[in-house]
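Asker: Dropping the structure in here first, questions after.
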Amino acid sequence: MMGAADQGLSDDEVRGIREALAAGRKPKVVFTAAAGQIAGQLGQVVELTDPSVSDEFVVVRFGRDELPFSPADVAMAPRGAGRRPAESKVEAAPAEPVAAEPEFVLDQVPQPRREEPKVREESKVEAAEAKPARRAVKAAKPKGPAGLTVTLAYAEGEWTVAAQQGAKALAKPYVVKPAEALRMVALVDVPGVHEAVEQILAAERAEAERQAEKLRAELAEIEARLAELREAS
């Protein structure tokens, strides 16, 4: 049968720990089998972070480290769990005051110093796996190049082209021929744009033909007048 210390923290116990932390207390917990090689050892809860950010939101002080664990990794420590090693030390000290004391200290301390590098190294790996997601949120996106805008415009019978990158003008508006403007517009696959350009060119063509017809009529009139003057002379 699975003991209470192997079942992890229930939702009610998590709420109780949160209330205890708010009151300034640091509840003691015992590591379950899910915590690996530190199972059965004691720690103190010093903080509960946001469970929506990471499943490992129970921050436990274990020796000199404060590391995040999931509720399944720890369970509430039984009452008096932290005092029993101290009482055993008082009873054992009179029997072997010198030789037995260092050996007994290794038995009662939750994190043996010879084992600390392994436990700390393994714990740091678990913490490193949980932290990158937070750092990724703060990472700034690389700044890309400024946008480039090329403008083809028609006004007062002239076609012009201009280019600008961001706030910097790369090319001021300069005049292009209607044929060049038509080739530029042909690159844009938008029927409405093609129709608008064709209407403008048709209007210009009609106006040019009207002016040419007027000039031909005036020229014919001048030629006739010139012929009359030649005959008179």
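Asker: Scan the range 15-31 residue by residue and report those that are among the aliphatic types (A, V, I, L, M), open to solvent by 20 Å² or more (accessible area, probe 1.4 Å) and closer than 13 Å to Glu47 by Cβ. First the steps, then the outcome.
Answerer: Initially, the range 15-31 is screened for residues among the aliphatic types (A, V, I, L, M), giving 17, 20-23, 29-30.
Still in the running and open to solvent by 20 Å² or more (accessible area, probe 1.4 Å): 21-23.
Leu21, Ala22 - these are the residues of the range 15-31 that are among the aliphatic types (A, V, I, L, M), open to solvent by 20 Å² or more (accessible area, probe 1.4 Å) and closer than 13 Å to Glu47 by Cβ.
Asker: Now for a different question. Would you point out the residue of the range 216-233, among those that are in a helix (DSSP H, G or I) and open to solvent by 100 Å² or more (accessible area, probe 1.4 Å), that is nearest to Glu158 (Cα to Cα)? Show your work before the answer.
Answerer: So the first thing to find is which residues in the range 216-233 are in a helix (DSSP H, G or I), and the list is 216-232.
Now narrow it down to the ones that are open to solvent by 100 Å² or more (accessible area, probe 1.4 Å): 216, 221-223, 225, 228, 230-231.
On the way: Arg216: 24, Glu221: 31, Ile222: 31, Glu223: 33, Arg225: 36, Glu228: 41, Arg230: 43, Glu231: 45 Å.
In this case the residue turns out to be Arg216.
Asker: Right, something else. Counting only residues that are more than 13 Å from Gly8 (Cβ to Cβ), among the β-branched types (Val, Ile, Thr) and at pLDDT 95 or above, give me the strands (runs of 3 or more DSSP E) lying completely in the range 23-73 with at least 1 of them.
Answerer: In the range 23-73, 42-48, 58-62 are the strands (runs of 3 or more DSSP E) which contain 1 or more residues that are more than 13 Å from Gly8 (Cβ to Cβ), among the β-branched types (Val, Ile, Thr) and at pLDDT 95 or above.
Asker: Within the set of pairs 6 or more residues apart or between chains, which connect a residue that is closer than 20 Å to Ala179 by Cα inside the range 202-217 to a residue that is in a helix (DSSP H, G or I) with Cβ atoms less than 9 Å apart?
Answerer: Matching pairs, first to second residue: Glu204/Pro178.
The values are calculated or read from the model by the stated rules, or taken from the named source; none is laboratory data. Keep in mind the model is a prediction, meaning the values are calculated, not measured. When we count neighbours, we look across all protein chains shown, and the Cβ atoms used for this are built from the backbone with ideal geometry, even at glycine. Please note that ligands, DNA and RNA were not included when accessible areas were found on the heavy atoms of the full protein model with its side chains. Shrake-Rupley method; radii C 1.70, N 1.55, O 1.52, S 1.80 Å.
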